[in-house]
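The numbers here are math on the coordinates, done by the rules we state, and not lab data. Note that the structure is predicted; figures quoted are calculated from it, not measured. Here the Cβ positions follow ideal geometry from the backbone for every residue, glycine too, while neighbour counts run over all protein chains shown.
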Amino acid sequence: MATCRTATPLKYRIGLGLIAFALMSGLILSRPVYTLQDYDQPFYITVAYDLYRWGTFSNGIIADSESETDTDSNTRPPPGMFFGPVYPVLVYAGMKLDSRFAKAVSCSVEADRDDRDYSTCDRYELPMRLLNAFLLALAVVALASTGAIIFRRRSVFMLAGALALAAIACEAQIFSYVMTEATIFTLYSVFALATVLAWKTGRARHFLFSGLLLGLLCLTKPSFLIFFPLVFALGAVYLGWLVRPRPAHVLRNLLVFSVAFGCLIGAWMTRNYVSVGKFAFTEEYGAAALVERFAYNDMTVREFFQAFPYCTPGLGELAFDQVKGTDSMHRFVYWTKGSFFQVGRDRRDALVDKYQRLDPLIWSIVLKEMRADWWKHLLVTIPLVWCGLWAGWLAALVLVPLFVWAVIRAARDRQPLFLLYALPPIANLGLDGLIGNGATRYNLILIGPYAIGAASLIASWLEGGHWRWRVPAPKPLSAPSATAVSDAGST
């Protein structure tokens with residue numbers, strides 16, 4: 001296969017990265033620091049704290065909540081495997097590099113374990129916020145480069161980068177927390193770039209990088225394991241069926257991708273077997289998510305239909321109280337009493353208190369739920385998918401329609417590479433609606449296909465002159481003479 005080059009000068013990529021880093025640093029650092037106990041931050045800082053103090057990769061607050069005795073900071077925690085190691089290790093590295101951050105994390109975790117007072121803790125997250133800004137800048141450059149490769153236009157690089165930057169800027173609040181969103185978005189963007197390069201060039205090293213990056217992505221969030229069979233199948237279809245002439249070494253390259261992926265996954269599973277006694281990738285992770293998801297099946301008809309305007313950016317903020325949850329959609333606000341999230345979490349905690357573990361029970365729970373309300377589970381998935389669709393908030397109001405248009409045009413013009421590139425994020429959207437919830441922060445990887453699809457349309461419009469002012473041709477001052485007509489004819 002022909003060698004694939006982005007045709008984008010290095011100085012443009014560096015320039016885009018610097019602009020993205022400067023913008024996201026400013027936006028993220030301008031957000032207030034509340035406490036390290038907000039949202040899902042305790043999940044990761046507690047694991048990092050145990051790694052920092054005891055050298056043990058634990059289950060963090062999951063182990064604390066499952067313990068039958070009081071958990072304190074002076075007891076070595078048992079090793080765990082609930083979380084993937086990538087993000088807690090990044091937090092651990094931040095603690096090693098910045099002593100002030102290490103003290104802030106230690107104070108927060110120890111206060112959560114009732115060993116200290118929260119009011120004495122320093123509100124400081126600078127190293128992780130700067131890391132998030134750097135990762136997002138890298139993601140923007142990778143995303144823009146992917147668009148240039150797919151559509152072979154330098155203009156797509158700049159447009160996709162600008163649109164992606166606008167979308168992630170709208171999500172700056174979530175990127176200001178010590179959570180996995182920036183890491184996942186970056187790992188996926190670079191993985192997608194390596195995968196597109198592998199498909200376009202047929203080079204084994206790109207398949208190797210693609211498999212390693214997918215492994216790192218799964219070690220950040222286990223639900224991405226579903227991407228391995230999906231990407232393997234998409235690669236086989238593209239290389240074995242859609243590309244003509246068929247490239248050489250298709251099976252070898254797919255094997256390289258699989259082995260690279262399997263090495264990282266196998267290494268983590270081996271660690272789990274040695275440390276925890278279970279040869280598995282994770283424990284309780286999928287079961288906990290499913291138990292919490294089933295709570296949404298209690299959704300009323302009114303909530304079902306109101307979910308569509310509620311989750312639409314701009315409209316939802318105007319029509320509903322999304323902060324305090326004082327209206328008919330209060331169950332969608334996760335911190336309100338009786339919300340879907342709280343009901344699901346309470347049920348999960350009750351099952352853990354009674355049976356200690358969810359994994360041995362989960363299949364019986366799933367069968368019971370599906371026998372009773374399988375049709376309702378599928379129906380409720382629809383509004384949850386709608387809610388998760390709007391990655392990029394207000395920017396998505398423009399990007400989503402353009403993306404749909406780009407998909408239709410790619411199908412019409414037989415441009416399968418863009419369609420295959422967009423399929424994994426769409427599959428992730430459906431999976432989150434089916435076994436998770438409708439939070440857009442779990443679907444930020446959609447920003448890549450959104451931005452690239454929109455950029456391809458805008459680039460074609462600009463190059464086709466659709467947005468240029470049409471100036472009428474000037475009228476001749478006088479009719480041409482017969483001699484001039486004769487000369488023109490002879491010429």
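To one decimal place, what Kirkwood hydrodynamic radius in Å is obtained for region 289-343 from all pairs of distinct Cα atoms?
Evaluated on region 289-343, it is 11.5 Å.
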- For LEU457 and ARG414, extending 7 Å from Cα along the Cα-Cβ vector and measuring point to point gives, in nm, a value of 2.4 nm
- Which chymotrypsin sites (Phe, Trp or Tyr not before Pro) does region 117-191 hold that lie in a coil by DSSP with at most 10 other beta carbons within 10 Å? none
- Task: Determine which lysines satisfy two conditions relative to LYS354: a Cα distance under 17 Å, and not lying fewer than 8 residues away in the same chain.
- Result: none
- Loop-resident trypsin sites (Lys or Arg not before Pro) in region 278-324 with no more than 16 other Cβ atoms inside 10 Å, DSSP not H/G/I/E/B, are LYS278, LYS324
- Note on the structure: Over all directions, region 285-464 yields a Cα convex hull whose mean projected area in nm² is 12.1 nm²
- Residue separation between SER99 and LYS337 times 0.36 nm, minus their alpha-carbon distance, gives in nm 81.9 nm
- Query: For region 220-278, what ratio Rg/Rh do Cα atoms give with a Kirkwood hydrodynamic radius?
  - Reply: 1.14
- Message: Testing the spin-label approximation: label points 7 Å from Cα along Cα→Cβ at ALA439 and LEU423. State their distance in nm.
- Response: 2.9 nm
- Message: Given the options ALA22, SER119, TRP363, identify the residue whose Cα lies farthest towards the positive end of the charge dipole of the chain (+1 on Cβ of Lys, Arg; -1 on Cβ of Asp, Glu).
- Response: ALA22
- For region 325-455, what is the charge dipole size about the Cα centre, in debye to the nearest 20, if Lys and Arg each add +1 at the Cβ and Asp and Glu each add -1 at the Cβ? 120 debye
- Message: Per DSSP helix of 4 or more residues, -39500 (n - 2.57); summed, then divided by the residues of the chain. What does that give at 222 nm, rounded to the nearest 500?
- Response: -21500 deg cm²/dmol
- Query: Under 16 Å from the Cα of LYS221, which aspartates and glutamates turn up, not counting those fewer than eight places away in the same chain?
  - Reply: ASP40, GLU181, GLU283, GLU284, ASP432
- Query: Can you tell which of THR312, TYR334, SER189 lies farthest toward the positive end of the dipole of the chain, using +1 and -1 charges on the Cβ of basic and acidic side chains (Lys, Arg; Asp, Glu)?
  - Reply: SER189
